[in-house]
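Beneath this line is the structure, given in structure tokens, with notes to follow.
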Amino acid sequence: MSSVTRAGTGLHPALRAFPGAVLELAPDGVVLESNGGLERALGRAVAGQRLDVLLDEASRRKLAEMLRRRPVPGEPPTAWELILEGRDTLSPHAFYPVWGDEEAGDERLWLVECPRDPRFGAVHDELAAVNSEQAATQRQLAKEKARLGRALDELERELGENAVLGRQLQQQNEEMEAQNEELLAMTEELHTGQEQLMALNHQLQRRSRELQLALSARNRFYAAMSHELRTPINAVMGYNDLLLASVYGALNEQQELAVERSQRAAQHLRELVNDVLDLSRVESGRTVLAPERLELGALVDEVLGSLRPMAQAMGVELRLGPGEPVHIVSDRRQVWQILVHLVSNAIRFGGGAPVFANVRPAREGGAEVEVVDGGPGIPPEDHLRIFDEFVQLARDENGDSTGIDGTGLGLPIARRLARLLGGDIDLSSTVGVGSTFRLTLPDAIGASPAEP
Amino acid sequence: MSTAGISTARAPVRERRARPARDDAANQFLDAIIAGNRRRAFEVVDAALHGGMDIRALYLEVFQPALREVGRLWQQNRVTVADEHLATAITQAAMARLYERLFASAVGTGPLMVAACAEGERHEVGLRMVCDILELEGWDTVFLGAAVPTPDLVRLVCEREPQVVALSASIGPNVPRVEEAIRAIRHGCGGSRPVIVVGGRPFAADPELGPRLGADLTATDAAQAAERLKERFAA
């Protein structure tokens with residue numbers, strides 16, 4: 001490298017005044033001469049410095065390439081863009097390279113900048129800013145459009161759903177109206193039914209009153225009739241006794257038999273009348289209870305004793321089962337009567353088998369008396385019926401053999417009395433084995449009778 | 001855009017190389033934008049979409065390599081900055097044409113990111129790509145564009161309270177603007193403390209530069225930026 005080229009020869013005056021930067025470079029890239037254009041751009045001197053240290057990395061490589069190259073004859077000149085280190089890559093400096101005459105040993109390289117209108121930068125910046133703003137706005141608008149599109153879709157979907165819901169609601173409404181009408185019709189029917197029921201109720205009440213009146217009339221009739229009947233029966237029986245006692249002279253055998261028959265018939269009649277009286281008394285509620293402390297076992301024993309002659313006459317044995325004393329408070333006379341009915345029934349209809357009586361505390365509280373016979377038994381269909389008045393089950397085959405017939409009132413009276421005392425009578429029976437009547441009585445009763 | 005004051009004759013741009021279909025699209029697109037042929041560039045994009053390429057692939061495998069190639073061609077003095085500028089403008093227009101499709105497929109329930117180029121910074125296409133790719137991933141992004149004044153940026157960040165603020169600079173002199181923006185966001189937006197990600201050539205050249213300025217993340221390109229942000233918010 002010659003000192004001549006290193007020193008530089010000074011730029012041609014035309015190049016010194018050139019509006020773009022003009023640089024004269026040594027082959028190693030050191031700036032030999034400058035027209036001051038680059039100094040203006042950089043704000044400092046550049047002569048004697050390597051140009052590449054002023055350039056950015058990519059431009060450094062381009063400069064090295066320019067320094068290596070030689071012009072190809074006939075090829076049009078090409079500008080090379082170089083960017084100063086730290087400068088915006090959008091604002092390059094474009095240089096036309098001019099190589100020295102190699103054959104003459106001139107290895108210098110001149111870089112002649114393509115001059116720029118100073119307004120170009122401003123216009124370029126302005127346009128770039130507008131372009132950028134437009135792009136960002138366009139992006140934001142597209143985004144908003146998409147968002148609105150989605151919102152619109154959502155809205156349409158909701159509208160669709162609303163329409164469906166509306167239809168459903170309308171349908172439900174119609175169904176409800178139909179149901180309402182049905183309900184109204186049903187209510188109307190109910191009202192009609194209610195009115196009918198009320199009318200029926202009135203009728204029933206009237207019937208009930210009439211029945212009560214009829215019943216009490218019947219009871220009054222029974223009482224009166226029984227009383228009126230008892231007096232003549234007593235008279236008949238009294239005269240029979242006198243006849244049998246031969247007060248009116250001795251009777252022959254035939255006469256005696258006839259009077260005895262008359263007497264038995266009168267007794268039966270009196271029994272019937274007494275029972276009717278009892279029944280009407282219970283039904284009319286005129287029975288006055290007299291509670292007292294009773295030992296039930298002893299009472300049963302007494303009843304059995306009083307009925308033993310009748311039993312013996314029919315060859316029936318009466319037995320009281322073993323047991324602890326059972327105390328209750330009740331009406332002695334009524335309990336006695338109940339027991340008489342139950343035991344005499346057992347004797348009468350027990351088919352000659354022994355009759356057992358058992359006394360014990362009841363499981364459900366109070367006391368119970370069982371009267372057990374070994375008779376033919378009562379079929380289940382008759383269990384309720386035998387407590388009805390004047391019902392006697394068919395037993396013709398042994399009916400009159402004892403001469404003591406029932407009135408058909410014993411069980412009804414016994415049950416009524418038992419209920420009057422707060423208890424009851426029930427029946428268990430097996431056909432061919434026998435029957436058990438069970439009287440239950442409460443621990444105690446009050447002084448006044450309950451409803452009959 | 002053809003505001004180039006510098007006009008030069010230029011050498012043929014590209015050697016023919018055997019490449020698969022995807023690269024064909026990239027090459028055709030590159031040819032179109034170098035030639036400044038906007039319509040041809042759009043046709044290439046439409047054909048790629050028609051052929052089944054998705055938007056993400058268009059961004060990462062067509063637009064990004066094409067723009068890098070333009071930069072390389074400038075270094076070889078085969079294109080001028082004006083050509084490069086035009087190519088970028090056409091690419092941005094091509095991206096804009098995809099927006100209808102891009103935002104329609106985006107769900108937008110992910111994190112919110114505000115993205116801005118530093119004050120004075122005019123290279124915006126890289127940051128815009130990051131935004132669009134994250135948008136495809138379901139993020140909500142606000143792209144403020146080139147040369148955003150720091151006070152405006154801080155005001156928006158305080159108002160929207162994004163999870164992420166992305167800042168970019170392409171040359172050294174703009175790096176201090178990024179640093180200023182980071183400091184202003186850290187001090188100016190009391191409660192909210194967004195993740196700040198920085199990108200651009202200076203940050204790619206020096207991976208430590210971002211952390212030194214107070215940034216939480218940095219990346220060398222759009223795909224990496226999107227990937228790192230997704231990782232950060234996946235947990």
Checklist entry - Looking at segment A:303-366, what strands (runs of 3 or more DSSP E) fall wholly within it and have at least 3 residues that are more than 27 Å from A:Arg293 (Cα to Cα), of a type outside the set (A, V, I, L, M, F, W, C) and out of contact with any Leu (no Cβ under 6 Å at 6 or more places or on another chain)? => result none
Checklist entry - Out of all the residues in segment A:64-82, which are assigned to a helix (DSSP H, G or I) and acidic (Asp, Glu)? => result A:Glu65
Checklist entry - Just checking, how many residues over segment A:74-123 are surrounded by 14 or more Cβ atoms within 10 Å (Cβ to Cβ), more than 11 Å from chain B (Cβ to nearest Cβ) and of a type outside the set (Lys, Arg)? => result 9
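Every residue, every condition in (1) of a type in the set (A, V, I, L, M); (2) within 22 Å of A:Leu441 (Cα to Cα), yes or no:
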| site | (1), (2) |
| --- | --- |
| A:Asn240 | no, no |
| A:Leu243 | yes, no |
| A:Glu256 | no, no |
| A:Glu271 | no, no |
| A:Val300 | yes, yes |
Next on the checklist: Being more than 13 Å from every other protein chain (Cβ to nearest Cβ), of a type in the set (D, E, K, R) and assigned to a helix (DSSP H, G or I) is the filter here; which residues of segment B:53-80 pass it?
Outcome noted: B:Arg56, B:Glu61, B:Glu69
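Based on this model, can you work out whether B:Ala147 counts as within 12 Å of chain A (Cβ to nearest Cβ), in contact with a Gly (Cβ under 9 Å, 6 or more places away or on another chain) and either crowded, with 23+ Cβ neighbours inside 10 Å or under 26 Å from A:Asp125 (Cβ atoms) (or both)?
Yes, satisfied.
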Checklist entry - Does B:Val13 meet the test of being modelled with pLDDT of 90 or more, over 26 Å from B:Gln224 (Cα atoms) and either in a loop (DSSP other than H, G, I, E, B) or touching a Lys or Arg at 6+ places or on another chain (Cβ under 6 Å) (or both)? => result no
Checklist entry - Out of segment A:234-261, which residues are polar (S, T, N, Q) and closer than 23 Å to A:Leu272 by Cβ? => result A:Asn234, A:Asn240
Checklist outcome for this item: Exactly one of B:Asp83, B:Asp31, B:Asp24, B:Asp46 is under 26 Å from A:Lys145 (Cβ atoms) and part of a helix (DSSP H, G or I), and that residue is B:Asp46
Checklist entry - Restricting to segment A:264-298, what's the tally of residues that are among the small types (Gly, Ala, Ser), buried (at least 19 other Cβ atoms within 10 Å of the Cβ) and more than 16 Å from A:Trp336 (Cα to Cα)? => result 2
Item to check | B:Arg155, sole failed condition from (1) within 11 Å of chain A (Cβ to nearest Cβ); (2) in a helix (DSSP H, G or I); (3) out of contact with any Lys or Arg (no Cβ under 9 Å at 6 or more places or on another chain) | outcome: (1)
Next on the checklist: modelled with pLDDT of 90 or more, of a type outside the set (Ser, Thr, Tyr), loosely packed, with under 15 Cβ neighbours inside 10 Å and not in a strand (DSSP E or B): is that true of A:Gly10 in this structure?
Outcome noted: no
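Could you tell me whether segment A:153-176 includes any residue that is within 14 Å of chain B (Cβ to nearest Cβ) and closer than 30 Å to B:Leu98 by Cβ?
Yes, segment A:153-176 contains a residue that is within 14 Å of chain B (Cβ to nearest Cβ) and closer than 30 Å to B:Leu98 by Cβ.
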Checklist entry - Can you tell me which residue in segment A:89-103 is nearest to B:Asn174 (Cα to Cα), limited to those that are assigned to a loop (DSSP other than H, G, I, E, B) and in contact with a strand residue (DSSP E or B) (Cβ under 8 Å, 6 or more places away or on another chain)? => result A:Pro92
Checklist entry - In segment A:34-55, how many residues are outside any helix (DSSP H, G or I) and either crowded, with 20+ Cβ neighbours inside 10 Å or in contact with a Ser or Thr (Cβ under 7 Å, 6 or more places away or on another chain) (or both)? => result 5
Next on the checklist: All but one of (1) among the charged types (D, E, K, R); (2) over 23 Å from B:Pro194 (Cα atoms); (3) surrounded by fewer than 20 Cβ atoms within 10 Å (Cβ to Cβ); (4) more than 7 Å from chain A (Cβ to nearest Cβ) hold for B:Glu100; state the number of the condition that does not hold.
Outcome noted: (4)
Checklist outcome for this item: A careful count of residues in segment B:158-186 that are within 14 Å of another protein chain (Cβ to nearest Cβ) and either free of Cβ contacts under 8 Å to residues at least 12 places away in the same chain or under 16 Å from the mean Cα position of the chain (by Cα) (or both) gives 6
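The values are calculated or read from the model by the stated rules, or taken from the named source; none is laboratory data. Owing to the predicted nature of the structure, the values given are computational and were not obtained by experimental measurement. Because the Cβ atoms are built from the backbone with ideal geometry, glycine has one as well, and the counts that use them run over all protein chains shown.
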